[in-house]
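The values are calculated or read from the model by the stated rules, or taken from the named source; none is laboratory data. Worth saying up front: this structure is predicted, and the values here are computed from it rather than measured. So basically every Cβ, Gly included, is an ideal-geometry build from the backbone, and we count neighbours across all protein chains shown.
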Amino acid sequence: MRRLLTFLPLLLVTGMLAVGQPVRAQTKSLYWEGWDTTLTILPNGDLHVVERQRINFTDGTFTFGFREIPLAKTGGITGISVSEPGVGFYREGGLSQQPFTFDARREGGDLSIRWYFPPTAKQVRTFDISYTVKDALRVYDTGDKLQWKAIATDRDFRIQEAGVTVVLPPGAQFQLIDSAGVAATWGQSPDGTRVTFLANGTMSPTDSLEVGIEFTHGIIPNEEPGWQQEFDNEFFYDENVKPFVDIGLGLLAALLIIGGPALVYLLWYTRGRDPQVGPVPEYITEPPDSLPPGVLGTLIDEKADMRDVVATIVDLGRKGALRIEETNKKGWLGLGSADFVFRKQESDVSLNAVELAVMGGIFRGGKNTVGLSDLRNKFYTTLPKIQSKLYMEMETRGLFRKNPDATRKMWRAIGFALVAFGIGIGICLGSVLARYTTMFPCLFGGMVVTGIAVIIAGGVMPAKTVKGSEAAARWNAFKVYLQRIDKIEDLKQVAELFERYLPYAIAFGIRESYVRKFAAEPSTPVPIWWVPYGARRYGGSRAATIGRVGGGPRGSGGLQGISDSMTGGLQSMSAGLTSMLNSTGRVLRSAPSSTGTSGGGGFGGGGFSGGGGGGGGSAGFG
């Protein structure tokens, strides 16, 4: 610790310096007071470009500038020079980075020019970047064309004033003049041999200015550049084919987005909807059949969940297969915490596959007594087996057409496959397909929407059989009875039903209200499988009656009798039982943290299209 404290100031200073570097770098700023590009078409068909950049370095110190020009739609760039009024031409200095030198080299598909000057701060400097572009013009019988991004399209700061001048070779006349990008006005010289474009206002870092002109054919050599045929094919496709492709794919995408979910609904209606059943009474006062509570819960909500496991455990207690005792587990400084002990009982009752799996998960290794806390982070390994048994019961008992869990997984797998296919193909082929249609995102988006619809519908695709639908309807009528039992019956007369129907109330998800209603009735007997804390036992079984505190006469049996013997009153009894049921579900599903369980403008006619020309690239200073 002492060594750490020794180095802590050094670490803090180092961190502050590291953080401070980008901050200082970000404080550098500049703007272009002007960017004027002159495009001169030479008689041999080459394009001579001069970019005059007037920079106001407002904050920070700068020592170099750079310009990157795409070589696409050109035959190469030669004759590169960098100069500065009042200084003269910079010399080629390779990588020396000496002031008044420049370096030009090809990097990937770009020509990279970098020039160096003395440290400059709060000063205005002007640089002229000059170069000659080969095969930059397209040649047609009706007129030759130039299309060029005259201002760098990738930069970090604004341009206050921007202009582009196009100069024709001797004997040529303009046939078409246009621009794309930022709004600009243009005007011709009196002799008609040059045109100047002026941007309307300041150009933000995201603005571009592309010019396009057509002039008299036959003035420059009648030789098409190597890239023109591909360009013309792309232009023809864009003008004559792409609109129809977009319409077709747009309709297909709309069909997927609208028709896909509609088809999913139709699939559910024909294959996932439960059969209609005849009229059923509003409520039924007895279980309609012998379906075990855990299996019943899976039938009703079509999911094997922890509620069904707890219902099975309570039903096992009702059958006499186990007993649950509330204990007080002593802890640090004598402070205790509630725990619950499961005791295996001798019973002649035969158990089904689900019940055997639950008993095996609780009483492992031949144990007959297990604390609930001992099952924490252990019982979860048995849950998949129990869930599988519950789902198998759905199919073997003829309640569902197919295993509901397998049905959900199948449809959700199909849905996720559609989503993954739509996203994956969109990512892999997006850059390629974008050349041929603007509707491809909608097409793959339609697949994703359909896939999501399948995933959502997958949860309701398990379909009951006629037998299963009739059973579910009758059991739901019994659920209504349990929900309204205090309104339908005199609880004093049916108090003995509490223990018998408690597992079903748990499976239905109405356990809290069910326990609360019967706990308010003093004559309700305590479930024989439940031993609350402080209750006396004789011969291994709980006493039928429990004496009052202070040695008074024994009270009557049941919930009220037990609660009368305890300082917490009636509420403490129902609270203890509820606590046990809540704790059981929470502990049995617990798992180590590392594991889990499942369940502006454009060119007009004449073959111009904004963004289709050469030039552009990036520019900046450092």
(request) Could you name every one of the helices (runs of 4 or more DSSP H) located completely within the stretch 269-366 that has at least 2 residues being buried (at least 20 other Cβ atoms within 10 Å of the Cβ) and among the hydroxyl-bearing types (Ser, Thr, Tyr)? (result) none
(request) Those residues that are closer than 22 Å to Phe174 by Cβ, part of a loop (DSSP other than H, G, I, E, B) and not aliphatic (A, V, I, L, M), I need them from the stretch 209-231; list them, please. (result) Thr216, His217, Gly218, Pro221, Asn222, Glu223, Glu224, Pro225
(request) Can you give me the ranges of the strands (runs of 3 or more DSSP E) entirely in the stretch 58-121 with at least 3 residues that are within 25 Å of Arg158 (Cβ to Cβ)? (result) 62-70, 77-84, 110-120
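Listed here are the residues, each with its yes/no results for (1) outside any helix (DSSP H, G or I); (2) in contact with a strand residue (DSSP E or B) (Cβ under 6 Å, 6 or more places away or on another chain); (3) under 19 Å from Gly585 (Cα atoms).
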residue	(1), (2), (3)
Tyr481	no, no, no
Val494	yes, no, no
Arg500	no, no, no
Pro503	no, no, yes
(request) Filter the stretch 567-584 down to residues that are buried (at least 19 other Cβ atoms within 10 Å of the Cβ) and modelled with pLDDT of 85 or more and give me whichever is farthest from the chain's Cα centre (by Cα). (result) Met580
(request) Kindly provide the set of residues from the stretch 145-157 that are over 18 Å from Gly65 (Cα atoms) and either aromatic (Phe, Trp, Tyr) or surrounded by fewer than 24 Cβ atoms within 10 Å (Cβ to Cβ) (or both), ordered by number. (result) Lys145, Leu146, Trp148
(message) Given the condition buried (at least 18 other Cβ atoms within 10 Å of the Cβ), in a helix (DSSP H, G or I) and of a type in the set (D, E, K, R), answer yes or no: does some residue in the stretch 450-467 qualify?
(response) no
(request) Check the stretch 97-109 and report whether any residue there is over 28 Å from Gln228 (Cβ atoms) and among the hydrophobic types (A, V, I, L, M, F, W, C). (result) yes
(message) Suppose we keep only residues that are aromatic (Phe, Trp, Tyr) and surrounded by 16 or more Cβ atoms within 10 Å (Cβ to Cβ) within the stretch 85-111. Which one would you say is farthest from Leu71 (Cα to Cα)?
(response) Phe100
